[in-house]
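Visitor: Before we start, here is the structure in question, set down as structure tokens.
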Amino acid sequence: MKHALWFFSFLLLLFFGDRLAGHFLQKQVEKSQFRYSRLYSGEAGAEILLVGNSRGLNFFQPYIEEVTGKKSFNLSYNGLPMDVAKVLVLDYLDRYPTPEKMVIDITNCDRVNDQLMAGFLTYSGQSFRLDTLIHSKLPKVWWGGKTSSLFCLNNEIYQRALFHRKKPDFDWLRDHVMSEKLAAEASKEPPYDLQIHPYLIQQLKETVSAVRAKGVEVELVIGPYAPGYQVNNLDALKTAVEQATGLPVRDYRQALSDPTGFSDYRHLNVRGSKAFIDLMRKDGVLP
């Protein structure tokens, strides 16, 4: 009997300790200046909404706001798949005045990312859609989050929120120049095999439909790749997205010929981003 009582007390201590620690650490997320914390705390209102994976970080917000005179908000994240992006966009539309324009880099239809999706448990308590998506796609992860508050915070997304506890992520973009040696070898690199997921393209289609129904002008783009770098299946992805959404995809994959505008083969630096933004302004993608 004594052992059973001790064991029961230990379980209670674990349970309440988990809940207390989880509550304290979750408060740090709510106070963070990280983009998703701002999304769910009411601090993300903007006229231009930007969406993508790591290539969506090429939408360098300080310069966009400088040249357009309009406030922007970027939902992009490294490896962000379109199903999670859809949830974030719809949550945004529920919480804020309708933006004038949304720009999406369609390469976030490239791959599913269950590991990253699991990280959004950090914000699932603030989003019924996130909670439902994780429950549907990752039921074991979802139950883990219901069992332990700390489990919801054991991920990259939470670490990023802590990193931005007192530091805004408004200018989040790698700003170094790809080496001359790397640039010269771009055409010799094995092509990147971009994947095509009909499920993610459907998620993009539904996102575009929901946003356009709100009166938002939607622009679909393919951002620049380094000169000479080859990406397989990009044309097929572009065609599939255009057929699904009924919208043209603005193709900037070869728009920049100066390798000093790139931090690696698939990502721009600040200099390259500004050149990309200038092209989008010229073409009317950005106002």
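The values are calculated or read from the model by the stated rules, or taken from the named source; none is laboratory data. Just so we're clear, the structure is a prediction, and the values are computed from it rather than from any experiment. Here the Cβ is made from the backbone with ideal geometry for all residues, glycine too, and neighbour counts use every protein chain on show. The accessibility values were calculated without ligands, DNA or RNA, using every heavy atom of the protein model including side chains. Shrake-Rupley method; radii C 1.70, N 1.55, O 1.52, S 1.80 Å.
Visitor: Would you mind telling me which numbered condition in (1) open to solvent by 80 Å² or more (accessible area, probe 1.4 Å); (2) in contact with a helix residue (DSSP H, G or I) (Cβ under 8 Å, 6 or more places away or on another chain); (3) of a type outside the set (D, E, K, R) residue 220 fails?
Guide: (1)
Visitor: If you check 130, 116, which single one turns out to be open to solvent by less than 20 Å² (accessible area, probe 1.4 Å), part of a helix (DSSP H, G or I) and within 25 Å of residue 60 (Cβ to Cβ)?
Guide: Going through 130, 116 in turn, the sole match is 116.
Visitor: Cβ-Cβ under 8 Å, sequence separation 6+ or interchain: first residue in the stretch 267-287 and open to solvent by 30 Å² or more (accessible area, probe 1.4 Å) and modelled with pLDDT under 95, partner in a strand (DSSP E or B) and not aliphatic (A, V, I, L, M). Which pairs?
Guide: Qualifying pairs under 8 Å: 287/101.
Visitor: Another question about this same structure. Here are 234, 200: which of them is crowded, with 20+ Cβ neighbours inside 10 Å and under 24 Å from residue 279 (Cα atoms)?
Guide: On inspection, the qualifying residue turns out to be 234.
Visitor: Among the residues that make up the stretch 105-125, is at least one of them at pLDDT 95 or above, touching a strand residue (DSSP E or B) at 6+ places or on another chain (Cβ under 7 Å) and of a type in the set (A, V, I, L, M, F, W, C)?
Guide: Yes.
Visitor: Next question, about the same structure. Would you mind stating whether residue 140 is in a helix (DSSP H, G or I) and under 26 Å from residue 29 (Cα atoms)?
Guide: Criteria met by residue 140.
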